[in-house]
Structures are given as structure tokens and as C-alpha cells.
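K.L.:
Below are the C-alpha cells for one structure; questions will follow.
The values are calculated or read from the model by the stated rules, or taken from the named source; none is laboratory data. Just so you know, these numbers come straight off a predicted model, no measurement behind them. Quick reminder, even Gly has a Cβ in these numbers, built from the backbone with ideal geometry, and neighbours come from all protein chains shown.
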Amino acid sequence: MAADSPAPLATASDMAAGQFADLVRDYDADILAQLMIEATRQCEGIAGRRLAPFTAVPESHRATGIDPDELSDAGSMPLDLQATVGRSYAAALGGGDQVRHVWLNEYAPRYPEMWTYSNLQVTLLRSYGGSQIVGAASLLGAENDSGHVWFSLGTFLPPGSLIRVLYDGGYSTTPADLGRACKLLAASLALGEIDPAGTQFGHDRGVLAAQAEAILCYYQRS
């Protein structure tokens, strides 16, 4: 089985050099690295979203709803050549008004300038039958602060179709508060292993976990 190995929100070096160095001084380097991965996953579990950089996350969405401002009866709206051809193609296939939007599940709840998307792949499985891999030229986004992906006008995407996406993303630069939350949870995990009674190191597991949760509440889904 492949190992879970994300880039942690705080590294083993961060932990060994910081205020919790006394807790991890006897940890083997590989074990300490695994501890930071576990703490990173705990951060994501509390926040209810991906935070660390990730690769090839698959999602599926059902195409629903049409924005009234985008209805195709706005016939007087000027279009560029690509949009004109795309709308004409969709109309010729009998699709009527087409879905234009999808929102990815993972996006930056804070500090979108530190978030990165890449390698977005979209496959449409149409409710009318047939499928299509959507090229980058037909996609606008994804937007770091919302996960919004906007399909170019004329993309043949009838309501009810299945939209399958695959993409990389996450915080390419870790916000400092997330790094601290990761270290707090790592310290709590370490205490649970080496000092479950809480008598040796002067740290309280419950206090450490509560401090981490106080940070991560700002990253939770609303």
C-alpha cells in the first residue's frame, strides 16, 4: 500500500527547532516526519478541507442551474469568433441553454495569494449521451478564493450532465498560523505517546489541541 506522504504544514525541522523541541528530541528523523504528516492530516480533518499541497484529487459534480444573465435569448449580445462558433455548435446539437459553471470542493478559505492550482482536467459526461474532455482553452479559472471554474460560452454542457474533474492544488506557501496549528497538534500527539499522564514536560494536551482548533476554525467550511 502506498504511503500517505503530503508536504506537511510544518516540517520535522520546524518542530525540532521550536518550542516543542523537548518533546521530540528522542524521535528518529523518519518517525518525526511521520508525526508531522499525521498532524497535518488532523489539521485538515478539523478544518474539513485540504490544506497541504495535493495531487490528482478527483471530484464529480452534477451540472445544475442556469444563470438568468447567461440565457441564450440574449441574442443581441456581441460575441467574439470563438464564442459565436461555440454557441452555434451547442444550438445545432439541440442543447438549448448550457451550464457555464462548476465550483471545485477545494479552494483557499484564507490567503488565496498563497494557494496554487495546476493540471486541471475536466471530462463531461453529457445527460444527452456522449462525453468530452474539455481543453484548457475552454476553461476560465479555477479561482483560488472560490474554486470557481467557468466554461467558455458555447461549451456543450446540458443540465444534468456529470462533470468529472482532476486537479492539483493547496497552499504552496503555508500560512504561518497553519504552521503553528500543525506544531500544536504534533505536540499533542507526541505527549499522548511519551507522557500520557501529563507529568513530565509541563504541557497540557487539551490546551494544545484547543489552541490548534482556535486557529483552524478560521479555515473551516461555513
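K.L.:
For residues that are at pLDDT 95 or above and in a loop (DSSP other than H, G, I, E, B), scanning just the range 39-89, find the one that is nearest to Tyr111 (Cα to Cα).
P.N.:
Checking each candidate, the answer is Leu51.
K.L.:
When you check Leu125 against the structure, is it touching a strand residue (DSSP E or B) at 6+ places or on another chain (Cβ under 6 Å) and within 30 Å of Leu9 (Cα to Cα), yes or no?
P.N.:
Answer is no for this residue.
K.L.:
Assigned to a loop (DSSP other than H, G, I, E, B) and of a type in the set (Lys, Arg), is that true of Arg180?
P.N.:
When the stated conditions are applied, Arg180 does not pass them.
K.L.:
Would you confirm whether any residue within the range 186-209 is over 18 Å from Gly18 (Cβ atoms) and at pLDDT 95 or above?
P.N.:
no
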